[in-house]
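Quick notes on the structure that follows.
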Amino acid sequence: MKRRVVVVGIGIITSHGVGQDENWQKIKSGLSSISEVSCFDASIYRTRFAGEAKCFKECDSIRNLKKRRLDRASHLLIDSAYQALSHAGLYPDMINEPVLVSLGTTLGGMISGEQFHKEAMVKSFARARLSLLSDYMAHNQSIKLLAELGLEGNFLVFSNACASGTNAIGHAFHSLRAGDYNFAICGGYDTLSEFTFAGFNSLMALSPSLCKPFDKNRDGLVLGEGAGILVLEEEGHALKRGAEILCEVSGYGETSDAYHITRPDPCGTSAAKAITKAINDAGNPSIDYINAHGTATKYNDAMEANALTIAFGERAGDIPTSSIKPMIGHLLGAAGAVEAISSVLAIRNNLLLPNLNFKSPDPECNLNIVQSPIAADIETVLSNSFGFGGANASIVLRSYR
Amino acid sequence: MSRVLVTGVGVVSPIASGNDLFAKALLEGVLPRFDKRIESVSGAYYAAADRSDIHRQLSDRSLRRAADVSKYAIAAVKMALDDAGMHAVDSDNTALVVGVTNGPLAYTQQFHHSIVAGYPADASPFLFSDSVLNAVASNCSLLYKIKGPVHTLVCGRAASLKSLMLAVSLLKKGEVKRALVVASEEISEIAFSCYTRMGVSNMSEGAAALMLTVEDVGGLNQPYCEILSSSSYCMPGDQIGALDVVLSKCFGDAGMTSNDIDMVLYDSDGVLPPEIKGAVARSVMERTGNSFAVNALWHIVASCMLFKDVKIAEAILGHYSSGNLKNIVVASSENSGAASAAVLRRA
């Protein structure tokens, strides 16, 4: 019999706000927190708008590390982790056994890296402050998290583009199910950096207007920043200590397109396999809601619709589906984690989440798009993430019984 | 449960690229030439990857835009596939796990330069898409049509051993029948400058690849060795403590003690816990230079060659009189407190 893995704590920071209450209030109200970028001059790019987490300056809970030496990425990560651990009843009385830290990020401490490089271009590499790089490398944030929390264990940092967060959660789920650990701190984080903004701009992937997933007139994505952390625990272990169980992680699947360095395979065949693997892994439940990757690029949304049609057949057009990216932006390495958390909240509150800015259905994306928040009986959710380079990852979450 | 075997290897290094040439270089005691410099970094030199034999693996036009770090990986993967006797990859049943420390930093630097210099609109999208951390994995999976799980792990020096662990886990779960484990690094101005200032020396670049296969797949070339066990741990700030934990776990899982180990190949800044007694401990980094995540895979490739030809052990160690080279530990650790290890047993 497979061990069951449950979600016992969540922590989240997005442009909606800090913490699950603030985020949930805005998600269920169908509000957008996309605003003009303030952390760099975006006037020269296709758009000036993004889901910048303006409400978040730094993590006030940090005790054991030097705050000013940390990149914004670490602040986002550590704050979300403290939220999740508190929610799980594991802070301040910390876990006293080895944990698995499984995280996804595309950029690591890129803001520090940008600062260093700018300084190097003015002063020279020999004179730019090395201290700016103390939190640049993408694995540093995990080590700093363990150090701050006073924990030991293994850590893995997945950098599979936009699928990173879901990969990290999926790996943590499988590890706990296999009995490797009783606890995992998993999820993803990424900051809003000019490097990434310019990068997606160069690919013509940014929308000059609004993020409109699955809409016939969609014209690109809107970037965002944030972090999403889930504390996973083996079911028996959680019950024994009287933890509140939020929901269960029941299935995970992953594949790769091997098609193009940035564009997805339009057929959606490999993505459909990831979806099917996740559902089979979960014991073939009926899916009540699909939290789509839905970036609002022409390519992704068409591919995702094809993938869902392959995986579900005619039912694909019936299952309520939405993307929350119009509300908070595409959080890259954090996207899968934040979307998993929104799926947990959807299950807990029996509410289908809205897909904003959807006005004209695309006949090539024949899906049942949820346009406004709707009360519904939600037992099981499928959450998809598809990344550059063809990374496909799907996770199934369900109400705990 | 079926054993996980190393059935093919590939290597791009400063002393040689290509398995036979690498083995020959180890045997002949060839040392890397630290003769490459970057103008903005005075007084420091690195050892460049030997590109003399890798061009035939890089004939695909699409690779022209790829960064060196991707090219090295692609060449190493081709060598590993050839070594394993595989002319084509079973797409859906093959995983690819790539470990990197720095990734395509040269392209990152170039792309960012155009932003800082004030002409971001002119920045090439190719520089961006090939500068992301998973560009190496993406290029390999594209070229070799790998459609199973494809991952990039960014975990410092231990990235390649963690990649090995993830690959073994995927194989043992039955997700796939084969897995490629790859590590690759390139020298860039920004990385070379910073590491030099931090006191890191003898830097080099290159790549290595392993083909792992579960035993029951059948039709295998003579495997090099079995991956008996592997472990990874982090005790922030306690390098020795973390090494102790991983070695204990590895020995425990392999059903052995430290007395059963014939050799330790390590990348640990000379740090080893005292419990490794009686085992001969070396690093091949004096032959290959320091290429961060690649070091551990170079150690595994060297181990595979040692298992085949004990004279290589003599060449590396100076003297090795026993032909009973059976169990090798490959270990990696950093002063951040992260450590990883794997136990290999001759097949």
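At a 1.4 Å probe radius, carbon and sulfur cover how many percent of the accessible area of segment B:131-225?
Exposed carbon and sulfur together represent 47 percent of the surface.
For a quick size check, give me the Cα extents of the protein assembly as shown along its three principal axes, largest first, whole Å.
75, 60, 52
If you roll a 1.4 Å probe over chain A with all protein chains in place, what percent of the accessible area is carbon or sulfur?
49
Of the trypsin sites (Lys or Arg not before Pro) in segment B:237-300, which ones lie in a loop per DSSP and count no more than 16 other C-beta atoms within 10 Å?
B:Lys277
Using only the alpha-carbon atoms, how far is helix B:135-144 inclined from the longest principal axis of chain B? Give it as 0 to 90 degrees, nearest 10.
Roughly 70 degrees between the two axes.
So what is log10(I(q)/I(0)) for segment B:134-254 at q = 0.11, 0.12, 0.14 1/Å, when the Debye sum runs over its Cα atoms only?
For segment B:134-254 at q = 0.11, 0.12, 0.14 Å⁻¹, log10 I(q)/I(0) is -0.50, -0.59, -0.78.
Report which residues of segment B:195-209 become buried by 50 Å² or more of accessible surface when going from the isolated chain to the complete set of protein chains (1.4 Å probe; DNA, RNA and ligands ignored).
Correct list: B:Arg197.
Count charges around B:Ser333 for me, please; just the other residues with Cβ under 13 Å from its Cβ, Lys/Arg as +1, Asp/Glu as -1.
Local net charge: -3.
Considering only the other residues whose Cβ falls under 11 Å of the Cβ of B:Met235, what net charge follows from Lys and Arg at +1 and Asp and Glu at -1?
Neighbourhood net charge equals -3.
Comparing the chain by itself with all protein chains present, which residues of segment A:241-267 are at least 40 Å² less accessible (probe 1.4 Å)?
Residues of segment A:241-267 that lose at least 40 Å² of accessible area once the other chains are added: A:Glu254, A:Ser256, A:Ala258, A:Ile261.
Which residue, A:Leu351, A:Leu221, A:Leu367, tops the fluctuation ranking in a GNM of chain A built on C-alpha contacts under 10 Å?
A:Leu351
For labels at A:Cys55 and B:Lys249 in the simple 7 Å Cα→Cβ model, what's the distance in nm?
A separation of 3.7 nm, rounded to one decimal place.
Using θ = phi - 60° and the Karplus relation 6.51 cos²θ - 1.76 cosθ + 1.60, list the HN-Hα couplings for segment A:314-329 in order, rounded to whole Hz, with x at every Gly or Pro.
Each residue's phi maps through the Karplus curve to give 5, 4, 4, x, 9, 5, x, 9, 7, 10, 8, 4, x, 7, 10, x Hz.
Mind jotting down the distance between the C-alpha centroids of segment B:187-238 and segment A:309-388, whole Å?
Segment A:309-388 and segment B:187-238 have Cα centres spaced 39 Å from each other.
List the accessible area buried at the contact between B and A, summed over both sides and calculated with a 1.4 Å probe, in Å² to the nearest 100.
4900
Taking amide hydrogens as modeled 1.01 Å from N in the peptide plane, which residues meet the under 5 Å criterion relative to A:Cys247, leaving out close sequence neighbours?
Hits under the 5 Å cutoff: A:Val7.
How many Å² of accessible area per residue for chain B, probe 1.4 Å?
34
Mind listing the long-range amide H neighbours of B:Leu96? Cut-off is under 5 Å, sequence gap 5 or more, other chains count too, H placed in the peptide plane at 1.01 Å from N.
Under 5 Å from the amide H of B:Leu96: B:Val150, B:His151, B:Leu180.
On a straight-distance basis, which lysines could pair with A:Lys216 in a cross-link, Cα separation under 25 angstrom, same-chain partners fewer than 8 positions away excluded?
Reachable lysines: A:Lys28, A:Lys298, A:Lys325, A:Lys359.
Report the full-extension gain for the segment B:Arg197 to B:Asn324: residue separation times 0.36 nm, less the Cα-Cα distance, to one decimal in nm.
41.4 nm
Could you go through segment A:15-24 in sequence order and give the Karplus-derived ³J(HN,Hα) for each residue, using 6.51 cos²θ - 1.76 cosθ + 1.60 with θ = phi - 60°, rounded to whole Hz, and x for Gly and Pro?
Karplus-based 3J(HN,Hα) across segment A:15-24 equals 5, 5, x, 10, x, 6, 4, 5, 5, 5 Hz.
Per residue in segment B:221-239, which ones lose no less than 50 Å² of accessible surface when going from chain alone to all protein chains (1.4 Å probe)?
B:Tyr233, B:Cys234, B:Pro236
At 1.4 Å probe size, with every protein chain present, just tell me what the per residue accessible area of segment A:1-99 comes to in Å².
47
Convert each backbone phi in segment B:181-195 into a coupling constant with the Karplus relation 6.51 cos²θ - 1.76 cosθ + 1.60 (shift: θ = phi - 60°), then list the ³J(HN,Hα) values in order as whole Hz, x for Gly and Pro.
10, 9, 9, 8, 9, 10, 8, 10, 4, 5, 5, 4, 4, 5, 5
What is the percent carbon and sulfur in the accessible area of segment B:236-347, measuring with a 1.4 Å probe over the protein chains and ignoring ligands?
45
Mean separation of Cα pairs under 8 Å and 6+ residues apart, divided by the residue count of chain B: what relative contact order is that in percent?
Relative contact order for chain B comes out at 24 percent.
When only C-alpha pairs under 8 Å and at least 6 residues apart count, what is the relative contact order of chain A, in percent?
Relative contact order, chain A: 23 percent.
Helix B:68-83 versus the longest principal axis of chain B: what angle, 0 to 90°, nearest 10, using Cα atoms?
Once rounded, the angle reads 40 degrees.
Quick one: net charge of A:Leu176's neighbours, Cβ under 14 Å, K/R +1, D/E -1?
Cβ neighbours under 14 Å give a net charge of -2.
Please find, in a Gaussian network model of chain A (springs between Cα atoms separated by less than 10 Å), the residue of A:Ser383, A:Ser342, A:Ser61 whose mean-square fluctuation is greatest.
Judging by the Gaussian network model, the answer is A:Ser61.
So with the 1.4 Å probe, I'd like the accessible area per residue for segment A:168-320, rounded to whole Å².
28
Count neighbours as other Cβ atoms within 10 Å of each site's Cβ, and list the GluC sites (Glu not before Pro) in segment A:165-248 that are DSSP loop with at most 14 such neighbours.
Listed in order of number, the matching sites are A:Glu244.
Where is the GNM fluctuation largest for chain A (alpha-carbon springs, 10 angstrom cutoff): A:Ser131, A:Ser35, A:Ser164?
Of the options given, A:Ser131 has the highest mean-square fluctuation.
Roughly how many Å is it from the Cα centre of segment B:1-22 to that of segment A:191-237, as a whole number?
Taking the Cα centre of segment A:191-237 as reference, the centre of segment B:1-22 is 39 Å away.
The values are calculated or read from the model by the stated rules, or taken from the named source; none is laboratory data. Bear in mind the structure is a predicted one, so any value in this text is a computation, not a measurement. We place every Cβ from the backbone using ideal geometry, glycine too, and count neighbours over all the protein chains shown. Just so you know, the surface numbers come from the protein's heavy atoms only, side chains and all, with ligands and any DNA or RNA stripped out. Shrake-Rupley method; radii C 1.70, N 1.55, O 1.52, S 1.80 Å.
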